[in-house]
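Each remark here refers to the structure printed beneath this line.
The values are calculated or read from the model by the stated rules, or taken from the named source; none is laboratory data. Note that this is a predicted model, so its numbers are computed, not measured. Here Cβ is always computed from backbone atoms with ideal geometry, including for glycine, and neighbour counts include all displayed protein chains.
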Amino acid sequence: MTLAKIISKGSKYKPYLLSLVILGVLLLAWSASTREPAFDPAGYSEDDLMMQEMNGDIVRDESGEYINNPDKLSAVPGPGRVFDKAVDELRHPFAKTGTNDHGIGWLVMYTLQRFLVGFLLATVVAVILGMVIGMSKTLLMALNPFIQLLKPVSPLAWMPLLLYTVKDPYMTSVLVVFMASLWPTMANTAFGVSNIKKDYLRVSEMVELGWFRRFYSVILPASAPAVFAGLRISFGSALVAVVPAEMLLGELGVGYLSWIEWNNLDIAGVIFAIMVVGFVGFLLDYGLSKIAERFTYTES
Amino acid sequence: MKKNKTMNDPYDHTKPLAIGHTHQGAPLDEASSEFVQNTASEFRQVAASSSKPCNHTGACDCQSQADAPVADGHEAMVENLVEEAVVRSVFPNDIQRREFIRRVGKGAAAAMIASFIPLGDMKAWAADPVKKGDLEKTDLSIGFIPITCATPIIMAEPMGFYAKHGLNAKVRRASGWAMVRDWGINKEVDAAHMLSPMPLSISMGVGSPQVPYLMPAIENINGQAITIANKYKGIVKGPQDMKGFRFCVPFEYSMHNYLLRYYLAEGGVDPDKDVEIRVVPPPEMVANLKAGNVDAYLAPDPFNQRAVYENCGYLFKLTKELWEGHPCCAFAISQEFATTNPNTYKALFKSIVDATYFSSDPANRKAIAKAIAPKNYLNQPVTVIEQVLTGKYLDGLGSVKNVPDRIDFDPMPWQSMGKWILSQMVRWGQVGPEIDFDAIAKKVYLEAECADMITELGYKQKKANYDKFSVMGKPFTPDDPLGYAKSFAISRV
Amino acid sequence: MSYLAVDHVTKIYPSLEPDAKKGDEFVVFENINFTVEKGEFVSMIGHSGCGKSTLLNIMAGFDQATTGGIILDGKETSKPSLDRMVVFQNFALMPWKTAYENVALAVRQSHPQWNRAEIKEWTMKYLQMMNLESAANRRPSMLSGGMRQRVGLARAFAAEPKILLLDEPFAQIDALTRGSIQEELLRMWEATNSTVFMVTHDVDEAILLSNRIAMMSSGPHAELAEMVNIDIPRPRVRSELIDDPKYMQIRNHIIKFLVSGETV
């Protein structure tokens, strides 16, 4: 595949080439804005230099000259620094050097596990409740005030109450994810179910479908696209919630990592942790959309 | 001390041992059992009178976390001590014993005795006395906050102090005091690093559910500082210049809060009206200082030194200048755990006191800094920790200071300290004035138990008593803490 | 006794005006009374808005008559059932099911004791009759309008209902395809000996397919104006039909009725 062919008219790779170009421009801008001037020893006394060295601001390079300590930058780190940090962390992704320091591979797994348990639990509850509410106008109107009251509450606000009652930090983090993923799925499911085209319901009446068959064969597949739309929203909301939940509960995971790096004012580490969360979220969302594809249908 | 290899020992030292049994399987008869017990206590006395366990001479500079300097010399020492103890038991009369040994030679004396006493068993048993003492629980989890105050608790893991006393303890890092408190109350951890007022407040049910808590040992004394943002260099000279400042402290029930308030109040500044004091987790304080959200803080190290390292703050005052030898952080454990697992509790207590004494020795500070700086523990640059622990540091004002006891470690939980803390809690209205100061301090601060533990480990108490001390020049009256609380110009009681 | 009787059916909607009085209702149609014999093909024709679809919905069980009722094979009906399969104007196929699955659903429901093989055999038979074999595994979105309605017809017939109710079934199909589907419908009707009631606005279609045509007047207060007998012999071939004088006679009669609103 030659470059000419890629950028030729109508090539399906053209948009991705553009993505790369944009990425390159962003990286250059980032790099340029975080560049620090080289260290100039002129103007500092011997004592000053010694104290700066003691404080770790400057170090001696191979030729014995003073340079800014590359491990200690006061400005926001540039892409090179973040890349080094990423390589460092990814070199031993499944190491465990102690109770509080597990490799990034483990941390991602812990976060994922917490996230998936809470998300799946919420999905089951939300879909069942959503369907029940969607099928009954009375129920919908009766429960609506409660739903509207609870929906806007940030999932993190539930955390102290949950920790106080449940006590176990792992269950609390799972429940925080649960609270975050519940509402969008429930609302979308109820919406999907209540808006099923009348024709499908008429046909199911006509062929005398029993209630179970009707649910399984008609209502579920008919509302599936709406349910999945809700799931994808919930998904984002849950991922957003799991990170601070980990920070607040001290549970090992990617959120915990960004907190710990922040404690050490290692901004490169924080950026790296952010990127990991973003990447994991991207992969999961991609997987979910692939699953959703199986259940979507076009009407016309 | 060398291993006595000439002794013809028929017993297999590698096999595990049950108390009261010989390797040949037959249980010891009553007389022999009793003898073994006596020998064991003899051994303890001998051990107590010998020097510290580490057989590295001079400044112990063990660089590796893997080889704990303590464990190495231990085994060899124990073996010889057993032999000595056995001989002493057989010949309790000193003169008789010396005569016997002189005639026969120590090795032969031991060999002779070995023919009817399971020496090998006892050596193995004595080498792990606590293990054989039925530890209820050996896998422990201990919560900590990543600050240098908890140095003994933290370094006891990589440097082998828990292992030495038969425990498999792992220290688990929390990100805030509320978290550590909740972990303790919910039994997520078996014991925890806490601020010295916290065992008192938790036992009283102030600011948390009421759970009876104990403080068998103090972690550190001194070790805090007032750090001020660089923009105030040369401007701030005392409390009067701090009016309108935004301060941070790590927790309401902390020495940091009480010392800061005391300092401000002495300068005529009301801590609730003239300044703003916010509770912020220690790691966030530096970032806040850098961002200009706060003007100063009284925090645990390494966050004072870290502000200097980040070139955003300077060390205005060490807290040791306010109260030399003030308590700061604590080793805390629930009463429930201590009563249901008494042997484990004792072993843990020992590990902590042992670790505390090791930490207080200036010769060990550098090695400790290296051991606790990594990501698994404090997650700070080594130079920052080193400056705090060794007391040779940059103060952020252009000089290098040398204050070796900038932070120090002394486990004694003096009840008078507890009463001072209670008096300040009353002074600032955190608790009502009708509390029974004596009873609470006595129940929570285990002065006598710690003293026993220190002796048992063979150390010497650093102070004989702590009845008289002054804070910023004003003496504390332990027999009338309420009066003391009322005696200040600025006080809520 | 007749097979299906529409017995003095009236449909009245209460008024939607906020200040309505008791007399302010909307009478869609009243006293519609006719029968359909077994094996007949009866159409109903009328202006849009005369309520013929409403009547069909009442016959299907999707709606209730205000007064009067529907009697099928001696029993009064109220709910929708497999006895009265409907072919909908907008096809009403389940878009997540394939053509096969849409038909098989009705087959399974109407023959609950059959096993998979039997259902498959029966379904494929009807799909073949409607020339849908190649499209069996496609979803409705991949089918043209004409194909979709063929699936609708296959589904309705495969359930072997007592009567088939067709609600303007070819209104949304282009004129060219309509011709072939109408022929397929005729073939299917003859082959299965079923009873069909169809609502349409296409006069030619009604004459081509039906035994009798019921003419509805315009609403409100619509009523059955006339029942026209189509005594053109079968088989009726569309191309030859135009030459039949009876065809033009009937056609003119009906169109005059539609245009003027009166029967002659």
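Quick notes
- In region A:102-124, the residues that are without any contact (Cβ under 8 Å) to a residue 40 or more places away in the chain and either more than 30 Å from A:Ser31 (Cβ to Cβ) or among the basic types (Lys, Arg) (or both): A:Met109, A:Gln113, A:Leu116, A:Leu120, A:Val124
- Hits in region C:71-80 (condition: surrounded by fewer than 18 Cβ atoms within 10 Å (Cβ to Cβ) and either touching a helix residue (DSSP H, G or I) at 6+ places or on another chain (Cβ under 9 Å) or at the interface with chain A (Cβ under 9 Å from one of its Cβ atoms) (or both)): C:Lys79
- Summed over region A:193-211, the residues that are more than 13 Å from chain C (Cβ to nearest Cβ) and part of a helix (DSSP H, G or I) give a count of 3.
- Here C:Lys38 fulfils each of the conditions (1) surrounded by fewer than 22 Cβ atoms within 10 Å (Cβ to Cβ); (2) touching an Asp or Glu at 6+ places or on another chain (Cβ under 7 Å) apart from (2).
- Screening A:Ile260 against (1) surrounded by 15 or more Cβ atoms within 10 Å (Cβ to Cβ); (2) not in a helix (DSSP H, G or I) leaves a single unmet condition, (2).
- Top-ranked residue in region C:105-150 [being touching a residue at least 40 places away in the same chain (Cβ under 8 Å) and basic (Lys, Arg); ranked as farthest from A:Met206 (Cα to Cα)]: C:Arg138
- Selection within region C:99-143 - within 11 Å of another protein chain (Cβ to nearest Cβ) and farther than 22 Å from C:Trp189 by Cα: C:Glu101, C:Pro112, C:Arg139, C:Pro140, C:Ser141, C:Met142, C:Leu143
- The set of residues from region B:355-370 being surrounded by fewer than 24 Cβ atoms within 10 Å (Cβ to Cβ) and under 21 Å from B:Ala217 (Cβ atoms) comprises B:Tyr357, B:Ser360, B:Asp361, B:Pro362, B:Asn364, B:Arg365.
- B:Met194 meets each of the listed conditions (1) within 12 Å of chain A (Cβ to nearest Cβ); (2) among the aliphatic types (A, V, I, L, M); (3) under 15 Å from the mean Cα position of the chain (by Cα) apart from (1).
- B:Ala330 vs. criteria touching a residue at least 24 places away in the same chain (Cβ under 8 Å), touching a Ser or Thr at 6+ places or on another chain (Cβ under 9 Å) and within 13 Å of chain A (Cβ to nearest Cβ): no
- Any hit, region A:100-107, residues being more than 14 Å from every other protein chain (Cβ to nearest Cβ) and either hydrophobic (A, V, I, L, M, F, W, C) or under 17 Å from A:Thr185 (Cβ atoms) (or both): no
- Of the candidates B:Val384, B:Val353, the single residue that is within 13 Å of another protein chain (Cβ to nearest Cβ), at pLDDT 90 or above and touching a helix residue (DSSP H, G or I) at 6+ places or on another chain (Cβ under 7 Å) is B:Val384.
- Among the candidates A:Ala180, A:Ala122, residue that is assigned to a helix (DSSP H, G or I) and either in contact with a Pro (Cβ under 9 Å, 6 or more places away or on another chain) or within 14 Å of chain B (Cβ to nearest Cβ) (or both): A:Ala180
Residue by residue, here is whether (1) part of a loop (DSSP other than H, G, I, E, B); (2) of a type in the set (Val, Ile, Thr); (3) more than 30 Å from the chain's Cα centre (by Cα) holds:
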residue: B:Pro209; (1), (2), (3): yes, no, no
residue: B:Lys231; (1), (2), (3): no, no, yes
residue: B:Gln240; (1), (2), (3): no, no, yes
residue: B:Ala265; (1), (2), (3): no, no, yes
residue: B:Gly268; (1), (2), (3): yes, no, yes
residue: B:Asp272; (1), (2), (3): yes, no, yes
residue: B:Lys290; (1), (2), (3): no, no, yes
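- Filter result for A:Tyr16 (modelled with pLDDT of 80 or more, at negative phi and surrounded by 14 or more Cβ atoms within 10 Å (Cβ to Cβ)): no
- Residues that are in contact with a strand residue (DSSP E or B) (Cβ under 9 Å, 6 or more places away or on another chain), assigned to a helix (DSSP H, G or I) and surrounded by 20 or more Cβ atoms within 10 Å (Cβ to Cβ) within region B:334-352 comprise B:Phe337, B:Ala338, B:Thr344, B:Tyr345, B:Leu348, B:Phe349, B:Ser351, B:Ile352, listed in sequence order.
- Selection of helices (runs of 4 or more DSSP H) fully inside region B:353-439 by the criterion of at least 2 residues being in the same structural domain as B:Glu157 (by TED's automatic domain parsing), over 24 Å from B:Ala169 (Cβ atoms) and in contact (Cβ under 8 Å) with a residue 60 or more places away in the chain returns B:382-390, B:415-427.
- If the condition is being more than 24 Å from the chain's Cα centre (by Cα) and of a type in the set (Val, Ile, Thr), then region C:88-134 contributes only C:Ile119.
- Residues satisfying the stated conditions in region B:234-264, i.e. within 21 Å of B:Ala330 (Cβ to Cβ) and of a type in the set (A, V, I, L, M): B:Val249, B:Met255, B:Leu259, B:Leu260
- A search for C-beta distances below 8 Å between a residue of region C:70-81 that is on the phi > 0 side of the Ramachandran plot and any residue that is surrounded by fewer than 12 Cβ atoms within 10 Å (Cβ to Cβ), counting only pairs 6+ apart in sequence or on different chains, returns C:Gly74/C:Met1.
- Flag: B:Pro158 does not match the condition of being more than 14 Å from chain A (Cβ to nearest Cβ) and either free of Cβ contacts under 8 Å to residues at least 40 places away in the same chain or not hydrophobic (A, V, I, L, M, F, W, C) (or both).
- A:Tyr216 passes every criterion in (1) within 14 Å of chain B (Cβ to nearest Cβ); (2) part of a helix (DSSP H, G or I) apart from (1).
- If you go through region A:146-182 and pick out every residue that is crowded, with 22+ Cβ neighbours inside 10 Å and under 30 Å from A:Ala222 (Cβ atoms), you end up with 7.
- Considered as a group, the residues in region A:51-91 that are loosely packed, with under 13 Cβ neighbours inside 10 Å and over 24 Å from A:Gly24 (Cβ atoms) include one that is farthest from the other protein chains (Cβ to nearest Cβ), and that residue is A:Ser63.
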